[in-house]
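Novice: My questions all concern the structure below.
Since every read-out is calculated from the coordinates, none of them should be taken as a lab result. Owing to the predicted nature of the structure, the values given are computational and were not obtained by experimental measurement. Virtual Cβ from ideal backbone geometry, glycine too; neighbours counted across all protein chains shown.
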Amino acid sequence: MNVNTKNTKNQPQGKNFGTLPVAEIRRKQKAEAKMEISKAKKITEKYPNTQEQESLLQNANDILNDLKSYTWRELETGGKFSKNDKLSFISEDMLIVGCDIGSETHSVRAIDTRGRELSKKALAFDNNEEGFRKAKDWAMDLAVRNGKKQIVLGLEPTGHYWFSLAAWMISSRISVVQVNPYAVKQTKELEDNSQLKDDTKDPKLIANLVKDGNYGMPYLPEGLYADLRRLSMFRDQLTEDRIRNINRLHREMKIYFPEYTEVFGKLDGAFSIGLLKKAPFPKDILDLGAEGIRTIWHEEKLRGRGYSKANEIVRLAKESVGLKDGTDSGKVAVKWFAEKIEELTEQLSSIEDTLHEKCLEIPYAENILEIQGIGKNILAGILAEMGDIDRFDDVKEIQKLSGLGLVACSSGKHKGKTKISHRGRKRLRYWLFQAAKSAVAHAGEFKKLHAYYTTRPDNPLKKMQSLIVIACKILRVIYTILKKGTRYDPEKMLKEIIFPTNQQLAVA
């Protein structure tokens, strides 16, 4: 017998069950009643009296009032944050939460300072505010139950997915630290003697690394440094896009007009781009003639010696061995690539101007430009990747951050070769190397220093090794200028270098 929706006299009260049979409705109501009774029973068993409930509520309020998020400003600016300091920071009253970062879903597990797991299983939560609140409430519940007063969240930085979580937790007065992904990978077998590495195992590995003091303080650039970092990254992305389009343009021209590069060595030059947009292939060039090509350049308002190449490009068009089939479609592609390169060039110029202006807002940054060979582009790249200089107590910290720290594998009588670690911010390492190459080419003091390192009788360096040493020297100069506000003095820089033969290098 079905219940008539219009006649609700005998309809069971409660939730709206639609047109289900009465027996089915009664069965569902009984099941829900049993579930509610079961929940109430569990709560009663967990908190047998009202006094305990009030006590737990008071503890939760106390924890909320005492919570404090520590960042690099509190822990690293007062001196070197050593391994002992990291161990001391993890106090007995602290709940350690390990978090495995994902693109959409994160997983957390919690332990105490002895490594005992306090969470029964991993908690998964979404990468949004609702998910973040869920994770915080879960951690607060564990802290209340286990008498913890502070919470620290350890995470494995994965791409850019951890930025929002870290910022939200810090604003919610929960300290955030990060562990090296390589350390997580190396310790995966210590947990259960298994090579397994997944989203439920990783959070505990991370939490244990934090417990043992194997962590660092995350740094998210703020204010001016955040703008510098983003502009520098955007500049690199535009540069990559521009190079990609130039390479694609090279391919098209090698197919349809391989002789073109004999006249225009750089396809992205102003005269070349102006011609490629209108007449890229031999047939188009022959139809225009030398005078027609000059007219195109005149309409583009170009000035210079490029006009003299018109006759040469016409001659090569007559002798071209490029393909004749598919030129109509190829012309469309070449025109698009040429316009894209021109557009990206203008955008790059605008971004670099803004980047240079913001770069000079950093105190004493203009003093670094006194080093010959280091221009605004290189300086902006270094400062954007390095960030706030106040978070470093020693220049060796920046050297390690850039991956220029020296490492060697030696044991007993075996002495391994010394090399740089290559671990750290590769873009910082790239810009420091560019600074070294440019300084050796333009600055007399660094040119002489490079010559000395590569020709000294005792342990001469290879050219690449010498450039790495000079890059580290430039880093020390930049660090001193930004920290102390001094002016660059090449004579003083050379005098501070210890030469084994007591040979002093004079600046030319």
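Novice: Beyond a 24 Å Cα-Cα separation, which of these cross-linked pairs lie in this structure: Lys136/Lys185; Lys83/Lys188; Lys86/Lys188; Lys266/Lys447?
Specialist: Lys136/Lys185; Lys266/Lys447
Novice: If the only charges are +1 at each Lys and Arg Cβ and -1 at each Asp and Glu Cβ, what is the size of the charge dipole of the chain around the Cα centre, to the nearest 20 debye?
Specialist: With Lys and Arg at +1 and Asp and Glu at -1, about 1280 debye.
Novice: Apply 1/(1 + (r/R0)^6) to the Cβ-Cβ distance of Asp325 and Thr345, taking R0 = 35 Å, and write down the FRET efficiency to the nearest 0.05.
Specialist: 0.65
Novice: Please state the relative contact order of the chain as a whole percent: Cα pairs under 8 Å, 6+ residues apart?
Specialist: So the answer I get is 11 percent.
Novice: Separate question: Using the beta-carbon distance between Glu291 and Ala124 and R0 = 51 Å, what value does 1/(1 + (r/R0)^6) give for FRET efficiency, to the nearest 0.05?
Specialist: It comes to 0.10.
Novice: Cα gyration tensor of the stretch 365-495, axes a ≥ b ≥ c as square roots of the eigenvalues: rounded (a/c below 1.5), prolate (a/b > b/c) or oblate?
Specialist: Judged from the Cα gyration tensor, the stretch 365-495 comes out oblate (a/c at least 1.5, b/c at or above a/b).
Novice: Would you please give the FRET efficiency between Asp199 and Ser171, computed as 1/(1 + (r/R0)^6) with r the Cβ-Cβ distance and R0 = 22 Å, to the nearest 0.05?
Specialist: For Asp199 and Ser171, the calculated efficiency is 0.30.
Novice: Under the definition of Cα pairs under 8 Å and six or more residues apart, what whole-number percent is the relative contact order of the stretch 66-211?
Specialist: About 33 percent, as a whole number.
Novice: Given Leu355, Ala441, Pro218, which one lies farthest toward the positive end of the charge dipole of the chain, if we put +1 on the Cβ of every Lys and Arg and -1 on the Cβ of every Asp and Glu?
Specialist: The residue sitting most towards the positive pole is Pro218.
Novice: Same structure again: Does the stretch 102-167 come out rounded, prolate or oblate by the C-alpha gyration tensor, with a ≥ b ≥ c the root eigenvalues, rounded set by a/c under 1.5 and, if not, prolate when a/b is larger than b/c and oblate if not?
Specialist: Since a/c reaches 1.5 and a/b is larger than b/c, the shape of the stretch 102-167 is classed as prolate.
Novice: Let me ask something additional. Rule-of-thumb check for the chain: C-alpha Rg over 2.2 N^0.38 Å?
Specialist: 1.41
Novice: Could you state the number of Å between the C-alpha centres of the stretch 91-155 and the stretch 227-296?
Specialist: What the calculation gives is 55 Å, centre to centre.
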